Each structure stands twice: as structure tokens, then as C-alpha cells.
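K.L.:
Starting off with a structure, shown below.
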Amino acid sequence: MSCQTISCIAQIRTLQVAVAVLALVPVGAGLAGALFGIGVFEPAASLGYDAESTGRYLSGLLLAIGLAFWATVPRIEAQGVRFRLLTLLVFTGGLARLAGLLLVGVPSSAMLGALVMELLVTPALAVWRERLDRLCNGAAAAR
């Protein structure tokens, strides 16, 4: 086994750990919102049934996105299409959150943290995955 192959394996494992840990955020937040409603994010919120229903639905989508990221972990190096699609979904949601920030005002620090995850961290993970794909598949082709 060459040094480049060992390096690829180590980098893939590091990415797998990063994605597995960071996906705890959408899984946890999505599960909390789906089970306990939108009030889990804004305890003082008093919403109508339709808004509460929409909040739970969107929390379910967030949960599903986190679970889908977890599903990429075992063979993350072969999950380019799925990872890019999930990143696009998360980034699009982040753009909507950013529009809300600009139009309505600055949300809580938890929501600002989510914005950072959506617009910076998730795309960075996708770029990292693509870089490893090129690096490691290039190493395999050279053997």
C-alpha cells in the first residue's frame, strides 16, 4: 500500500467522522422540532395550528437531511451525487434564512450558528469530499 493510499484512507476517515458528528445538528434539531413543535426553538412563540404544522413538517425535512448525510458516511468517497444534492438543499435553506435575516432582522445566536452551518460548513464539507474524490480516485487510477 502506497503512502498516497494510506493518506487517502486517513483523510476519508477524518471526513467520515466530521460528517457523522456534524450531522448530529440537523438530526437533533429536526427531531426536537418534529416531536415538540416550533416552541422548542422559540419558547415564547404562540403560533396557530397551520404555522405549528409547517414548523413540524420542516423539522421533519431537517431530520431527513441529517439522516441522509449519515447514510453517506460508510462509503462517503462514492457518494458524490447524493452529497452534492444534500449540500444544495442545505445551502438553499441557508439562503432563505439569510433573506429572513436581511428582511426581518437578526435571529438568535442558535439560528446564526445554523446559518454558518448552512452557508459555510456544509459547502466546505462538500468541497473536501470532492477534493478527496479527485485525489483518491486519481491514486487508484495510477496504480
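The values are calculated or read from the model by the stated rules, or taken from the named source; none is laboratory data. Fair warning: this is a prediction, and the values are worked out from it, not measured in the lab. Cβ sites come from the backbone with ideal geometry, for glycine too, and all protein chains shown count toward neighbours.
K.L.:
Do any residues in region 38-49 that are without any contact (Cβ under 8 Å) to a residue 60 or more places away in the chain and closer than 16 Å to Leu62 by Cα have Cβ atoms under 9 Å from those of residues that are part of a helix (DSSP H, G or I) and of a type in the set (Val, Ile, Thr), where the two are at least six apart or on different chains, and which pairs are they?
P.N.:
Qualifying pairs under 9 Å: Ile38/Thr54.
K.L.:
Also, I was wondering about something else. Look through region 1-24, keep the residues that are surrounded by 17 or more Cβ atoms within 10 Å (Cβ to Cβ) and β-branched (Val, Ile, Thr), and return whichever of them is farthest from Ala126 (Cα to Cα).
P.N.:
Within region 1-24, the match that is farthest from Ala126 (Cα to Cα) is Ile12.
K.L.:
Given the structure, is Ala99 outside any helix (DSSP H, G or I) and among the small types (Gly, Ala, Ser)?
P.N.:
Working: outside any helix (DSSP H, G or I): no; among the small types (Gly, Ala, Ser): yes.
Judged against the criteria, Ala99 is not a match.
K.L.:
Something else now. Counting just the residues of region 3-62 that are closer than 30 Å to Glu77 by Cα and polar (S, T, N, Q), which one comes out modelled with the lowest pLDDT?
P.N.:
Only one residue tops the list, namely Gln4.
K.L.:
Name the residue that is nearest to the chain's Cα centre (by Cα), counting only residues in region 18-66 that are assigned to a helix (DSSP H, G or I) and acidic (Asp, Glu). Walk me through it before giving the result.
P.N.:
Within region 18-66, the first condition is being assigned to a helix (DSSP H, G or I), and the residues that meet it are 18-22, 24-36, 38-40, 49-66.
Now narrow it down to the ones that are acidic (Asp, Glu): 50, 52.
Working: Asp50: 26, Glu52: 23 Å.
Of everything passing the filter in region 18-66, Glu52 is nearest to the chain's Cα centre (by Cα).
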